[in-house]
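Heads up, the thing below is written out as structure tokens.
The values are calculated or read from the model by the stated rules, or taken from the named source; none is laboratory data. Predicted model, so just to flag it, every value in this text is computed and none were measured. Counting neighbours? That spans all protein chains shown, and the Cβs are built from the backbone with ideal geometry, glycine included. Quick note on the areas: whole protein, heavy atoms, side chains included, nothing else; ligands and nucleic acids left out. Shrake-Rupley method; radii C 1.70, N 1.55, O 1.52, S 1.80 Å.
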Amino acid sequence: MPALSFENIHQILTKQFGEAIGPLQPAKRDPFCTFAPARLVEICRFLKGQPELSFDFLEDLTATDHPKQNLIRIVYHFYSYPHRHLFIAKVEVNRQQAELDSVESVWKAANWLEREVYDLFGVRFTGHTDLRRILMPDDWVGHPLRKDYSEAGGYRDISNVRDNPLDLYLSMDRQLKAQQAAPEPAASPAPPAEHQPAEKPPAKTGA
Amino acid sequence: MALDQLVMTKFGAGAGEEMILNMGPQHPSTHGVINFVVHADGEVMKKAVPQVGYLHRALEKIGEIVTYPGFMPYTDRIDYLAAMFANEGYALAVEKLMGIQIPPRAQYLRAISCELNRIASHLISIGSMAMDIGAVTPFPYALRERESINDLLEALCGARLTYNYHRIGGVAFDMAQDWMPLCHKWLDHFDRILDEWDRLISFNEIFVERLAGLAVIPLPMAIDYGLVGPNLRASGMDFDLRKVHHYGAYPDFDFKVPIGKAYAGAHRGGVVGDCFDRFYCRVLECRESVSIVRQALNKFPGGEFMAKVPRKIKPEAGEAQSRIESARGEMAYYVVSDGGERAYRVRARTGSFLAMGIIEEASKGLMIADLVALIASLDVVAPEIDR
């Protein structure tokens, strides 16, 4: 059977599922359409089972975060080995209660891919058999690929911030310049004030 | 016979005790920093659960912070054994987003550098696989040849491991004038080495017996779990993105796609999709890559090696995905642009990540010693899993 175009696949899906399939988005390079989250698993079963579609390979499953629209878009790339055609779909979920049905029952590959999306975006997949963090440690706080993620400043007393070593040199530099600029007898209060921060860090470590 | 009964009758463990054994993260045969939690009853595994993430460097997040060309050196770090492919995939995705056509000379340089890199990567894979199951000798032989490839690539692009060679719109440097004879000379030399390699290890009776029929991954399972590249082809799927999707200069070359055919032989218990098929498919792919490089050198076109690219790379809002056939199978970059100088989202889909996902299922019922062979045969590379 020949490979189907994006438009043809979209037509077949719209015929079967009606309003659950969004319009085909004429994106700049890769077109895509949206699926209604409630019928996602049903649509995926159809994509895999229908002989003329037979999308047997879940090529990629990832997400993009859109804080302004309060949305996380889960992006599915389906591929069919028998027909060699590709289809891209997106499912939108609310950022605050990010929850979606798992497609693990359709493609086993979704197990790890959904774990990754859960880990990095904080989308909970209902029906997933083993929804744990995968790349970050189990007790990590936050979901790093969200746009508003900010680092906690450390993990288990391991700091991820440090003093900028350049600060010391810059203050020494300023001090030198101030000394050179000032005439010899003028022991003005400014250079010692500059001098203070440079000496503070060693004093701290000494204490 | 159920697994538990088999364990009892065959190995006498009987009591049904479950022992939990940690293999890794610092273990020489896990191919990087990966931890396997092995649930074993005696010598037989109930399952081995991979724990990954030790090498997570947040590369996808970095992709949102740096500019489009600025991300190119980071792609090298996704897969340090086959960095050219990571370069190429990212460059292709951004080019697709911007609608840039790259000149033929750049396409050929990309194909040549990638295929040499594929050979280097496969040499590490097959060499370390032999070493992991006890044949130490072949590994230095493989490393020796890889060193020559590193020399060649160094002469081409100045780096031996993390190349940063491909650019958005072409490649960084043209081929030096005396490089082509060097490469030809090495290819002629390498043909003999591959024959030697077959005599040394591929057709070694002990080696073949050890891997025949081991950790079989049937084709439906391989597709379901998203295996790609040589691992998928070893299970009998005739699929290669270079053939099917004709990217770059590959339509110009004539090459075969090696697929698994139970190379170990039925009399030794060889099955399509066993560890030996995954091993031998890679050896055969090295031969095909040699042929591709030779054809590319013979047809090498003139002209520019870099397309005209605006100084500031600012693709219009949109999204694009590029798929390439890396040494570890399909590598796909999904790049979303919001019209700015930085990508809104960069996603790298790598072959090793889902190859790790299959281990829990594929390791059921294997001996602990076979886990090492299974990991090695899937050719996983830890930084590519964790990114």
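If the condition is being more than 8 Å from every other protein chain (Cβ to nearest Cβ) and among the aliphatic types (A, V, I, L, M), then the stretch B:315-357 contributes B:Ile324, B:Ala327, B:Met331, B:Val335, B:Ala343, B:Val346, B:Ala348, B:Ala355. Considering only residues in the stretch A:123-141 that are within 12 Å of another protein chain (Cβ to nearest Cβ) and surrounded by fewer than 16 Cβ atoms within 10 Å (Cβ to Cβ), the one that is farthest from B:Val52 (Cα to Cα) turns out to be A:Thr129. Of the residues examined, B:Tyr225 is one that is within 14 Å of chain A (Cβ to nearest Cβ) and open to solvent by 10 Å² or more (accessible area, probe 1.4 Å).
Output the number of residues of the stretch B:212-257 satisfying the condition of being part of a loop (DSSP other than H, G, I, E, B), within 19 Å of B:Phe276 (Cβ to Cβ) and in contact with a Pro (Cβ under 8 Å, 6 or more places away or on another chain). Here the count works out to 1. Quick check on my filter: what residues within the stretch A:85-104 are loosely packed, with under 15 Cβ neighbours inside 10 Å and either small (Gly, Ala, Ser) or in contact (Cβ under 8 Å) with a residue 12 or more places away in the chain (or both)? A:Asn94, A:Gln96, A:Glu99, listed by residue number. For B:Ser363, the conditions (1) in contact with a strand residue (DSSP E or B) (Cβ under 6 Å, 6 or more places away or on another chain); (2) facing chain A (nearest Cβ under 10 Å); (3) under 18 Å from A:Trp112 (Cα atoms) all hold with the exception of (2). Of the candidates A:Ala36, A:Ala20, the single residue that is in contact with a Lys or Arg (Cβ under 8 Å, 6 or more places away or on another chain), more than 15 Å from A:Val75 (Cβ to Cβ) and free of Cβ contacts under 8 Å to residues at least 60 places away in the same chain is A:Ala20. If you filter the stretch A:68-84 down to residues that are within 11 Å of chain B (Cβ to nearest Cβ) and in a loop (DSSP other than H, G, I, E, B), you find that the one that is surrounded by the fewest Cβ atoms within 10 Å (Cβ to Cβ) is A:Lys68.
Does A:Phe55 count as within 13 Å of chain B (Cβ to nearest Cβ) and open to solvent by 10 Å² or more (accessible area, probe 1.4 Å)?
Working: within 13 Å of chain B (Cβ to nearest Cβ): yes; open to solvent by 10 Å² or more (accessible area, probe 1.4 Å): no.
It is false that A:Phe55 is within 13 Å of chain B (Cβ to nearest Cβ) and open to solvent by 10 Å² or more (accessible area, probe 1.4 Å).
Of all residues in the stretch B:42-87, which are of a type in the set (S, T, N, Q) and either within 14 Å of chain A (Cβ to nearest Cβ) or not in a strand (DSSP E or B) (or both)?
Filtering the stretch B:42-87 down to residues of a type in the set (S, T, N, Q) leaves B:51, B:67, B:75, B:87.
B:Gln51, B:Thr75, B:Asn87, listed by residue number.
Take the conditions (1) more than 19 Å from B:Tyr334 (Cβ to Cβ); (2) within 14 Å of chain A (Cβ to nearest Cβ); (3) small (Gly, Ala, Ser); B:Ala93 misses just one of them, which is (1). Looking only at residues in the stretch A:1-53 that are part of a loop (DSSP other than H, G, I, E, B) and of a type in the set (Gly, Ala, Ser), the one that is modelled with the highest pLDDT is A:Ala36. With respect to the conditions (1) within 10 Å of another protein chain (Cβ to nearest Cβ); (2) open to solvent by 30 Å² or more (accessible area, probe 1.4 Å); (3) not in a loop (DSSP other than H, G, I, E, B), A:Tyr118 falls short on a single one, namely (1).
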